[in-house]
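Undergrad: Once you've had a glance at the structure underneath, I'll fire off some questions.
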Amino acid sequence: MNAYHKLLNQAEQLVQEGNYRSAIALLETAGRYDDPALAQRLVELRIQGYPEMEWPQPHGNWPPVHDNRFGSVEGFPEIGAGDLDADALKAGIFGKGGLIVRGLMDSARIKTMRENIDRVLQARIDVSQGAESDADSNPWYRRCASVQGGPAQFRGGERYTNVGSVWSVDSPPVTFQLIEYYREIGLPALLTGYFGEDPVLSVRKWVVRCAAPNNGASSGWHQDGYFLGDASSIRTANLWIALTDCGGDADAPGLEIIGGGERKIHETGTHGSPFNWTVGQGLVDEITQTNPVQCPRFSAGDALFFDHFNLHRTGFGLSHTNNRYAIESWFFAGSTAPLKQQPVVF
């Protein structure tokens, strides 16, 4: 038995003992994203591990007290990556509805992630057209058996292109690299301080994306809390990272966001709303009388944190010429993570 198979056997023994965290840590320290079988096994363990692990009862200190350091700031507060800590995150999300962090991702990582998103989208096309999808021949788009729902089967007439969104877990190499990056920037400790307990990711709310210009179009105002079950009981933090200059006067679409930190789910399907899950423009007009719409200008590598109460939409302009690459990662407090979103241990 070579060292590689011995490692896998050791990990499997830990799984049999119910020690998923140790199994994950063992494979992480010895593996690389370009080892397809190992990267895929890590995805499986992260999904399988959540229901097998013990999680605390939700603590009562929620929403948490914050120091209101951004109380005098108009619009979304902005900080540099070096100033990001749990207290700043709490003050931004609970005081202002969000927090912009400039320069969170470095240029080398941005380039790698954009290239990876292109690989994933192309691999999805290849698989949909009948290309082999085993981990060795097509590792960039490879769905694990533990993933439920979504495009598990490619139906007749369904056509994929080089723009769109893909669940991160459907690309084991991307999952490996993103979690490696989260560790490098200290995100686990940051979010543990924010939640007061260990965080998890999720299958359905962790996405890599390439959005094309749609000049003059209108996208739907929405709150992610609408989709996540009981919005009053879950505890979330979304990390959205721009991989392209976007928003404001940039050549790629950004985000239109309403701040203010209001913690309620607004009525949907009324006030001229075209869908039952969107907030109608008439209601948005009422809300923005006190909390104006903002369309921040992001440079590649800038990030925005917000939670499931935030009201936002893609901001399509009239003269965009570039696609917008981005990563969206929703984190949940482990004690209240909604099972239908398939929590992911990290």
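The values are calculated or read from the model by the stated rules, or taken from the named source; none is laboratory data. Treat the numbers as computed from the prediction; the structure is a model and nothing was measured. Cβ placement follows ideal geometry from the backbone for every residue including glycine, while neighbour counts extend to all protein chains displayed. The area values use the complete protein model at the heavy-atom level, side chains included, leaving out ligands, DNA and RNA. Shrake-Rupley method; radii C 1.70, N 1.55, O 1.52, S 1.80 Å.
Undergrad: Over the range 207-341, what number does the Rg to Rh ratio reach, with both radii from the alpha-carbon atoms and Rh per Kirkwood?
TA: We get a ratio of 0.96 for the range 207-341.
Undergrad: How fast does the range 145-279 diffuse by Stokes-Einstein, in µm²/s, taking the Kirkwood radius from C-alpha pairs at 37 °C and 0.692 mPa s?
TA: Answer, rounded: 182 µm²/s.
Undergrad: Something else: Specify the residue with the greatest mean-square fluctuation among 73, 284, 203, computed from a Gaussian network of the chain linking alpha-carbon atoms under 10 Å apart.
TA: Top of the fluctuation ranking is 73.
Undergrad: Cα-based Rg (one decimal) and Dmax (whole number) for the range 1-109, in Å?
TA: Taking only Cα atoms of the range 1-109, I get Rg and Dmax of 20.4, 64 Å.
Undergrad: While we're looking at this one, here's another question. Projected area of the chain, taken from the Cα convex hull and averaged over every viewing direction, in nm²?
TA: The Cα convex hull of the chain, projected and averaged over all directions, gives 18.1 nm².
Undergrad: Could you work out the relative contact order of the range 210-345? I mean the mean sequence separation of Cα pairs under 8 Å and 6+ apart, divided by the number of residues, in percent.
TA: Normalised by residue count, the contact order of the range 210-345 is 46 percent.
Undergrad: Trypsin sites (Lys or Arg not before Pro), restricted to the range 201-301: which are DSSP loop and have at most 12 other Cβ atoms within 10 Å?
TA: 264
Undergrad: In Å², what does the accessible area per residue of the chain work out to with a 1.4 Å probe?
TA: Ligands and nucleic acids excluded, the result is 43 Å² per residue.
Undergrad: If I compute solvent accessible area with a 1.4 Å probe over the protein chains, what percent of it on the chain is carbon and sulfur?
TA: It is 47 percent, rounded to a whole number.
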